Amino acid sequence: MADIYEILGSIYDGLSAAAGECGLTPVYPEGKAKGELPFKEDSGRIIIEYQGENKAARIEHFNNRIALMGAAKEGEILPSDYSQLALSLLEAETANEKDVKFIVNDFSDTLAETFGSSAKKQVKSKLPTPVSKAAAKSGAVSYDPNTLANRFTTIYPQLRDEYKANIEKYGQFLPEDFFVNHGNAVLLDTIKRNNPVEMKKLFKLLNEIYEDGTNETQSLICVTMLGSLENDQELLANCVDYMSNDLTSPVINVNKYLWSRDGKGSRMKLENPPVYKPKKKKKNNIMSKLGM
């Protein structure tokens, strides 16, 4: 697929049943006839809107992402009333039928949970809101572990349920639990296959998040995720052509340290994260030991 309007048309068609069951009907902007894709464009965003009794939803495509927004209240619904309910990557150049199916299923489930007969009247974000690219690049805020995991599961949608389950179980996102028990296996499988398209997509994400991430997020990438390469020189060589200059050195040094005699204790802690205890979050200090 290459045309974003064709892709959005497929998503729109796929959501029609779920929207109808939730009492939401599409809003046709001026100049759009029934049967056409009811989109409008505003400040670089492509928007599709739905309305219902005391509720509204909208799909927004922007910066290679697609978001589902929702609001519910009596009276007029204003733009400030919307909350983000779901977010996925959607790049027209690389999107395929599998990506469209994942977004349709995720958005359909979200609509049902939010606006279905058993849903609460007030709309709340289903998952913690990820940091936007614009906010990170401006320096206003840095990428956090939740943003990394959220976007990681848009590349690997088979992990989306595990990501949600992690948050539901602990009441917040625990990155070590998610990546050690679920994410790293998929990461390693991609690196072992060394498919150029898959590797470029994976490291485009890791490079971007590392560059503008918090110290905790950078450590998560270098230590928890790429530290699981076990200093395998063949796997590290697969990564070198795709890692940014800023990421390459820390990853190589972390692997050397973790899989040396001196790093045995840290490695054991990494492989066996401590049991979660509320309000007692333990920091990973491997990066500081390496002077990073």
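Take Lys133 and tell me if it is basic (Lys, Arg), out of contact with any His (no Cβ under 9 Å at 6 or more places or on another chain) and in contact (Cβ under 8 Å) with a residue 60 or more places away in the chain.
yes
How many residues does region 151-170 hold that are touching a residue at least 40 places away in the same chain (Cβ under 8 Å) and over 24 Å from Glu91 (Cβ atoms)?
The qualifying residues number 2.
The conditions are (1) under 27 Å from Ser142 (Cα atoms); (2) exposed (fewer than 15 other Cβ atoms within 10 Å of the Cβ); (3) not polar (S, T, N, Q), and Glu36 fails exactly one of them. Which is it?
In the conditions (1) under 27 Å from Ser142 (Cα atoms); (2) exposed (fewer than 15 other Cβ atoms within 10 Å of the Cβ); (3) not polar (S, T, N, Q), Glu36 misses (1) alone.
In a loop (DSSP other than H, G, I, E, B), open to solvent by 60 Å² or more (accessible area, probe 1.4 Å) and either at pLDDT 90 or above or aromatic (Phe, Trp, Tyr) (or both): does that describe Tyr5?
Against the criterion (in a loop (DSSP other than H, G, I, E, B), open to solvent by 60 Å² or more (accessible area, probe 1.4 Å) and either at pLDDT 90 or above or aromatic (Phe, Trp, Tyr) (or both)), Tyr5 does not qualify.
Residue under question is Gly213, and the condition is that it be without any contact (Cβ under 8 Å) to a residue 60 or more places away in the chain and within 29 Å of Gly139 (Cβ to Cβ); does it hold?
So Gly213 fails the test.
Test Asn63 against the criterion of being under 18 Å from Gly14 (Cβ atoms) and open to solvent by 20 Å² or more (accessible area, probe 1.4 Å), and give yes or no.
Against the criterion (under 18 Å from Gly14 (Cβ atoms) and open to solvent by 20 Å² or more (accessible area, probe 1.4 Å)), Asn63 does not qualify.
With respect to the numbered conditions (1) polar (S, T, N, Q); (2) in a helix (DSSP H, G or I); (3) in contact with a Pro (Cβ under 9 Å, 6 or more places away or on another chain), which one is the sole condition not fulfilled by Ser80?
Condition not satisfied by Ser80: (3).
In region 220-235, what residues are open to solvent by 10 Å² or more (accessible area, probe 1.4 Å) and not in a loop (DSSP other than H, G, I, E, B)?
Ser228, Gln233, Glu234, Leu235
Only one residue in Lys192, Lys269 is on the phi < 0 side of the Ramachandran plot, part of a helix (DSSP H, G or I), open to solvent by 40 Å² or more (accessible area, probe 1.4 Å) and modelled with pLDDT of 95 or more. Which one?
Step by step, each of Lys192, Lys269 is checked, and only Lys192 is on the phi < 0 side of the Ramachandran plot, part of a helix (DSSP H, G or I), open to solvent by 40 Å² or more (accessible area, probe 1.4 Å) and modelled with pLDDT of 95 or more.
Scan region 129-141 for residues that are assigned to a loop (DSSP other than H, G, I, E, B) and open to solvent by 50 Å² or more (accessible area, probe 1.4 Å) and jot them down.
Answer for region 129-141, where residues must be assigned to a loop (DSSP other than H, G, I, E, B) and open to solvent by 50 Å² or more (accessible area, probe 1.4 Å): Thr129, Ser132, Gly139, Ala140, Val141.
Given the criteria closer than 30 Å to Glu234 by Cβ and open to solvent by 20 Å² or more (accessible area, probe 1.4 Å), does Glu113 qualify?
Spelling it out, it is not the case that Glu113 is closer than 30 Å to Glu234 by Cβ and open to solvent by 20 Å² or more (accessible area, probe 1.4 Å).
The values are calculated or read from the model by the stated rules, or taken from the named source; none is laboratory data. Bear in mind the structure is a predicted one, so any value in this text is a computation, not a measurement. Ideal geometry is used to build each Cβ from the backbone, glycine not excepted, and the neighbour counts take in all protein chains shown. Ligands, DNA and RNA are excluded from the accessible area calculation, which covers all protein heavy atoms including side chains. Shrake-Rupley method; radii C 1.70, N 1.55, O 1.52, S 1.80 Å.
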